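Visitor: So that we are looking at the same thing, I have put the structure below in structure tokens.
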Amino acid sequence: MSIRTRFAPSPTGYLHVGGARTALFSWLFARNHGGAFILRVEDTDEARNTEEARQAIFDGMSWLGLDWDEGPDKGGNFGPYFQSERRDIYDKWFEKLAAADRVYQDAGAWRFRFERKPVTMNDLVCGEVTIDYRDESNTPDMVVKRSDGSYVFHFVNVVDDLEMEITHVIRGEDHLMNTPKHLQLIEALSGTAPQYAHIPLILNPDGSKMSKRDAGAAVGDYPRQGFLPGAVVNFISLLGWNPKTDEEIFTMDELVGRFSLENVNRAPARFDFEKCKWVNQQHLMKLGIEDFAVAAKPFVQDANLPISENYTAVIAAVKEKVRTLGEVPAAVDFLMQDEFSYDDEAVAKARGNAAANGLLVELACGFDAITDWSADAAKAVLSEVAKAAGAKPGQLMFPLRVALSGRGHGPDLSDILNLLGKDRCARRVRRFAGM
Ligand code: GLU
């Protein structure tokens with residue numbers, strides 16, 4: 001039997017990283033097994049589900065590269081793929097329950113009669129879970145159809161998994177305790193239950209529950225912050241899945257090849273946005289210079305920095321230094337224009353070396369005298385100026401860096417010297433000396 005998984009989001013406004021992780025694990029599992037991945041939109045709550053919310057899910061998944069084989073825009077043999085369009089199907093299955101005498105009316109709503117017995121499931125991640133339905137006070141018969149005629153989540157979710165011939169239901173642990181109810185329904189409908197894998201909750205680093213407002217919660221925020229989709233997928237894959245190796249950086253294809261449900265942890269995952277930035281940096285470092293420059297361009301343009309002929313060389317100088325593309329403009333502004341801010345702390349530290357400060361004007365004059373400008377030539381002048389004054393070249397390096405860039409960290413000093421050129425370097429050193 002070929003494997004069929006699905007992602008069944010309720011469109012509530014945006015795609016949460018937890019939902020993206022559920023989608024990713026379902027997608028990876030299907031791709032790893034050469035199966036099919038289905039997108040089904042659980043939009044029965046008319047009041048809360050908007051077109052924008054649906055679109056946010058499609059956009060988020062497309063950006064992450066999680067393509068679906070059946071679903072909205074794609075079609076398939078088991079559609080429609082919006083629950084709001086499947087009313088007739090639910091009516092038909094409800095009739096089945098009624099014919100089997102498993103529903104009864106109570107205050108206008110329809111309740112499903114549980115079989116009074118223990119129900120055990122064997123979850124692929126969580127193991128055996130049993131709910132004992134013999135105790136009726138703890139497990140009252142559940143409503144499956146409301147008095148207004150609408151169906152509840154448990155019913156439509158189960159019907160669709162049966163109708164769409166889903167073989168593996170991979171979803172968040174918050175649904176674990178729903179599953180015995182679903183097994184009861186499936187049995188009453190004479191269906192074949194899929195296998196279940198409930199994946200661990202995602203918590204903040206401090207152990208609190210992740211909320212909508214936490215940084216990194218909305219997948220839609222990632223593109224404009226300058227994350228690469230492949231990096232975000234890589235980061236999300238590590239939320240609950242253990243690659244069983246010291247390596248943590250994987251391409252999409254590597255993830256497909258390595259993913260297995262056996263290596264999904266039972267313990268909650270920790271969401272660490274700093275780690276996400278680190279993973280993104282590792283992916284940025286793997287890009288070629290040209291690709292990196294192209295990816296960074298919109299961010300540089302948005303910051304209104306002038307794109308000059310040496311744009312690619314300028315961008316290359318910070319390729320290993322930034323964690324996101326969003327960090328590029330602040331990292332390169334001083335290489336693209338003469339206006340930039342000076343970091344107070346770096347300036348104070350540079351000024352702390354009185355001997356070196358006295359040498360800055362001399363250094364600028366030395367720069368002026370260089371006929372064939374290069375970083376090496378500039379550094380040779382710096383050594384001479386330092387030596388003549390009985391100082392160490394290293395003492396002049398830091399003030400020079402701050403004079404040229406306004407900050408204490410950044411690209412290699414040689415890159416800065418080469419990219420800025422003689423006149424700008426001399427001018428900035430004088431400006432800093434006179435500040
Ligand atoms: N619509 C449900 C949710 O978003 C689907 C749960 C499931 O995957 O079965 O939580």
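The values are calculated or read from the model by the stated rules, or taken from the named source; none is laboratory data. What you are looking at is a predicted structure, and each value in this text was computed from that prediction instead of being measured. In this analysis, Cβ positions are derived from the backbone assuming ideal geometry, glycine residues included, and neighbour counts consider all displayed protein chains.
Visitor: What single numbered condition from (1) under 26 Å from ALA231 (Cβ atoms); (2) touching a residue at least 40 places away in the same chain (Cβ under 8 Å); (3) buried (at least 18 other Cβ atoms within 10 Å of the Cβ) fails to hold for PHE292?
Guide: PHE292 satisfies all of (1) under 26 Å from ALA231 (Cβ atoms); (2) touching a residue at least 40 places away in the same chain (Cβ under 8 Å); (3) buried (at least 18 other Cβ atoms within 10 Å of the Cβ) except (2).
Visitor: Separate question: May I ask you to list the residues in segment 34-52 that are exposed (fewer than 12 other Cβ atoms within 10 Å of the Cβ) and at pLDDT below 85?
Guide: Within segment 34-52, GLU46, ALA47 meet the criteria.
Visitor: Sticking with this structure for a sec: Helices (runs of 4 or more DSSP H) wholly in segment 16-105 with at least 2 residues that are touching a His at 6+ places or on another chain (Cβ under 8 Å) and within 30 Å of LYS212 (Cα to Cα) - which ones?
Guide: Per the criteria, 17-32.
Visitor: Filter segment 1-28 down to the residues that are surrounded by 23 or more Cβ atoms within 10 Å (Cβ to Cβ), of a type in the set (A, V, I, L, M, F, W, C) and more than 9 Å from the ligand (Cβ to nearest atom) and list them by number.
Guide: Hits for segment 1-28 are LEU15, VAL17, ALA20, ALA23, LEU24, PHE25, TRP27, LEU28.
Visitor: Filter segment 212-231 down to residues that are out of contact with any helix residue (DSSP H, G or I) (no Cβ under 7 Å at 6 or more places or on another chain) and farther than 20 Å from LEU24 by Cα and give me whichever is modelled with the highest pLDDT.
Guide: ARG224
Visitor: Looking at segment 297-315 only, could you name the residues that are crowded, with 17+ Cβ neighbours inside 10 Å and either free of Cβ contacts under 8 Å to residues at least 60 places away in the same chain or basic (Lys, Arg) (or both)?
Guide: Correct list: VAL300, LEU305, TYR311, ILE315.
Visitor: Considering GLY394, GLY366, GLY406, which residue is in contact with a Phe, Trp or Tyr (Cβ under 9 Å, 6 or more places away or on another chain) and either under 28 Å from ALA330 (Cα atoms) or crowded, with 19+ Cβ neighbours inside 10 Å (or both)?
Guide: Testing whether each residue is in contact with a Phe, Trp or Tyr (Cβ under 9 Å, 6 or more places away or on another chain) and either under 28 Å from ALA330 (Cα atoms) or crowded, with 19+ Cβ neighbours inside 10 Å (or both) leaves just GLY406.
Visitor: Of the residues VAL119, VAL143, VAL125, VAL129, which is among the aliphatic types (A, V, I, L, M) and in a loop (DSSP other than H, G, I, E, B)?
Guide: VAL125
Visitor: Is there any pair with a first residue in segment 168-192 that is outside any strand (DSSP E or B) and a second that is of a type in the set (Val, Ile, Thr) and within 14 Å of the ligand (Cβ to nearest atom) whose Cβ atoms are under 8 Å apart and which are 6 or more apart or on different chains, and what are they?
Guide: Sorted first by the residue in segment 168-192, then by its partner, the pairs are GLU173/ILE199; HIS182/VAL158; LEU185/VAL158; ILE186/VAL158; LEU189/VAL158; LEU189/VAL159; GLY191/VAL158; THR192/ILE186.
Visitor: Working only within segment 176-190, note down all residues that are out of contact with any helix residue (DSSP H, G or I) (no Cβ under 9 Å at 6 or more places or on another chain) and either within 12 Å of the ligand (Cβ to nearest atom) or at positive phi (or both).
Guide: LEU176, THR179, listed by residue number.
Visitor: Let me ask something else. Of the conditions (1) crowded, with 21+ Cβ neighbours inside 10 Å; (2) within 13 Å of the ligand (Cβ to nearest atom); (3) within 19 Å of TYR90 (Cα to Cα), VAL169 satisfies every one except a single condition; which number is it?
Guide: So VAL169 meets the others, but not (3).
Visitor: Let me ask something else about it. Which of the residues that make up segment 146-166 are within 13 Å of the ligand (Cβ to nearest atom) and part of a helix (DSSP H, G or I)?
Guide: Across segment 146-166, the qualifying residues are PHE153, HIS154, PHE155, VAL156, ASN157, VAL158, VAL159, ASP160, ASP161, LEU162.
Visitor: Quick one: count up the residues across segment 81-108 that are farther than 25 Å from THR130 by Cβ and surrounded by fewer than 17 Cβ atoms within 10 Å (Cβ to Cβ).
Guide: Total satisfying the criteria: 17.
Visitor: Considering only helices (runs of 4 or more DSSP H) fully contained in segment 214-291, which possess at least 3 residues that are within 16 Å of ARG323 (Cα to Cα)?
Guide: 222-225, 229-237, 273-286
Visitor: On the given criteria, is SER137 in contact with a Gly (Cβ under 9 Å, 6 or more places away or on another chain), closer than 21 Å to VAL103 by Cβ, free of Cβ contacts under 8 Å to residues at least 60 places away in the same chain and not in a strand (DSSP E or B)?
Guide: no
Let's see how each residue does on (1) exposed (fewer than 15 other Cβ atoms within 10 Å of the Cβ); (2) away from the ligand (no atom under 14 Å from the Cβ):
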site	(1), (2)
PRO140	yes, yes
VAL143	no, yes
THR192	yes, yes
ILE199	no, no
